[in-house]
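Student: One structure follows; several queries about it will come next.
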Amino acid sequence: MTDAATLKERVCRAIDAHRDEIIAIGEDIRVHPELGFKEFRTAKIVSEQMTKLGIPHETGLAITGVKGKLRGARSQATIAYLGELDSVLVRDHPDADPETGAAHACGHNAQIANLIGLAYGLVESGVMAQLDGDVVLMAVPAEEYVEVEYRLQLRREGKIEFLGGKPELIRLGAFDDVQITMMTHQSSRQEGGKFSVAGPSNGCIVKLIRYEGRAAHAGGAPHQGINALKAAMIGLQAIDANRETFKDEDHIRVHPIITKGGDLVNVIPADVRIETYVRGANIEAILAAAKKVDRSLKAGAMALGATLHLTTMPGYLPRLVAPRLAEVYKRNAIALVGEEEWWDPSFGAGSTDMGDVSHIMPAIEAQARGATGTGHGADYQITDPEIAYVAPAKVAAMTIIDLLMNGATEARAVLEEYEPPMSKESYLEFMRNLAQEITWQAAED
Ligand SMILES: [Zn+2]
Ligand SMILES: [Zn+2]
C-alpha cells in the first residue's frame, strides 16, 4: 500500500507535466465563450480530451453535458468533480464574442481546465489503481440562469424540463451513481487567501410577468385604454413597499427588470413584461417573500383593471456545505499553498445550482482566487493562470486521494455525517410543484 503523500506527489507531478496544455485549454475556452445549453464547442473539447486519455464517457447529457468515469481498484464510493461549461453575457467585455456578446466573466473556462487537469493527474499518475472508489468527471451545462425565454422554448419543445444544467442532470439520472460532489469556482475578491470553500448561499425562484392592458390612442383616447405600464409600476412599487418586512438573516433579494415597457410612444402600453428572481437564504423565506411579490403584482393589475400573467419557475436551492468534506479539502489546499493562503468565506447572496446538488448529497464548491475585476463585469480577467487553471486540479486530486484510499474510509465518514435534506425524488417533486402559470384579474364590482 502506497501512502497518501506519495500518491499526492505523483498526481501533482502528472498535472505539472501537462501544465502548458491545461493552461492552453483554459485560455482557448476563455476566448470562445458560449451561453448555457449552447456550449457545443466547449463540450467537444472536453470529449476530445477524454478520448485522448482513454476515459469512457457520454456526451449530449442535458444537451451539452459530458460525463466520464474512472474506476478505482474497488468501488466503495463515487466522487464527482464538475466543471461548468457556460459563460455569461457581457457585451462590453474585451473578450466578448462579437456576435453573441457572450464572455467568460464568471471564470467557468477555468473550471473546464481544472476538470481536464484532474483527468490528466488521475489517469497518467496511475493512482486510480491505488484507490477504493470511482471518480466521475462531469462537464455540466448552463449554470447561469439566463435567457429565460429561450430556455422556456427548449422546455416547450421537450428538450429540457428545468432551466439550469445541474437540476436537469439530476432529473436525467446523471448523479444517480454519485455520492459526493466537488467543484472549484474562480473568485476575484480582493481580500484573503488563494483558496477557500464557499459558504452557504441564497437560493432563488424565477418569475416572468406579463401585464396585459388595452391599447388606445395615448393623446386622443387614453380613457379607452388600460395602461399595462402603470400597472407594472404599481406592482414594482408594491414589491418595494414590502422590503421592510424582509428579515436581515433571510438575505432576501428581489431585483426585477422591465424587459418590455410598451410598443409605441403614442399608444397606451398593452403588453409590459418583467423578469425577476426572488432570492433568500432558506426555502421557507424564499416562498414567503415570493407570496408577497405575487400579491404586489396583483395589486398593480387590480389598480388599473389589467390582466396579470404570472409564470413562476424553480430556480436554484440555497447552497449547503458538507463540513467534513470541506475540512478534507481545506487540509489539502493548505498543504499546497500554505496556511496564509486559506480564506474562510462568509454567506454568499448569489445563487448556484450547486445548491441543488448539496440538497441531495454532500457537496462543496471550492474557490480559487485566480481572477481580478468584477464578477459578470467587463473588467473581469484571469490574472493568475497557475491558481486559476492548474492548482485547483491538484487540490481536487489530493482531496480525492484522501477520500478514496484505505477502503474509502474518509468518503464513508463524509457520507455518514451529512444528512441531505432531500432525496432525488423529493427534490424533483419540490421543483415540479414550484412551476406554475397563473392568469389573474380583479373581480368586477
Ligand atoms: Zn456567474
Ligand atoms: Zn459562475
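The values are calculated or read from the model by the stated rules, or taken from the named source; none is laboratory data. Please read all numbers here as calculations on a predicted model, not as lab measurements. All Cβ positions, even for glycine, are placed from backbone atoms using ideal geometry, and neighbour counts span all protein chains on display.
Student: Exactly one condition in (1) within 25 Å of residue 283 (Cβ to Cβ); (2) within 17 Å of the chain's Cα centre (by Cα) is not met by residue 368; state its number.
Tutor: Looking at each condition in turn, residue 368 falls short on (1).
Student: Could I ask something else about it? Tally time: how many residues in segment 1-52 are over 21 Å from the mean Cα position of the chain (by Cα) and not in a helix (DSSP H, G or I)?
Tutor: Residues flagged as over 21 Å from the mean Cα position of the chain (by Cα) and not in a helix (DSSP H, G or I) within segment 1-52 amount to 4.
Student: Cβ-Cβ below 8 Å, separation at least six or inter-chain, first residue in segment 105-134 and under 11 Å from residue 397 (Cα atoms), second more than 16 Å from ligand 1 (Cβ to nearest atom) and acidic (Asp, Glu): which pairs?
Tutor: Close Cβ pairs (under 8 Å, with a partner that is more than 16 Å from ligand 1 (Cβ to nearest atom) and acidic (Asp, Glu)) amount to 120/21.
Student: Oh, and also: Of all helices (runs of 4 or more DSSP H) completely enclosed by segment 228-344, which ones contain at least 1 residues that are surrounded by fewer than 20 Cβ atoms within 10 Å (Cβ to Cβ) and in the same structural domain as residue 191 (by TED's automatic domain parsing)?
Tutor: Counting at least 1 such residues, we get 323-337.
Student: If you take the residues of segment 153-210 that are within 15 Å of ligand 2 (Cβ to nearest atom) and of a type in the set (D, E, K, R), which of them is surrounded by the fewest Cβ atoms within 10 Å (Cβ to Cβ)?
Tutor: Once the filter is applied, the top-ranked residue is 189.
Student: In addition: With the condition kept exactly as written, say whether any residue in segment 113-134 is crowded, with 21+ Cβ neighbours inside 10 Å, within 15 Å of ligand 1 (Cβ to nearest atom) and assigned by TED's automatic domain parsing to the domain that holds residue 56.
Tutor: no
Student: Give me the residue from segment 81-105 that is more than 13 Å from ligand 1 (Cβ to nearest atom) and surrounded by 24 or more Cβ atoms within 10 Å (Cβ to Cβ) and, out of that set, farthest from residue 39 (Cα to Cα).
Tutor: 81
Student: Sticking with this one: Would you be able to tell me the number of residues in segment 395-445 that are in contact (Cβ under 8 Å) with a residue 40 or more places away in the chain, closer than 23 Å to residue 175 by Cβ and hydroxyl-bearing (Ser, Thr, Tyr)?
Tutor: 4
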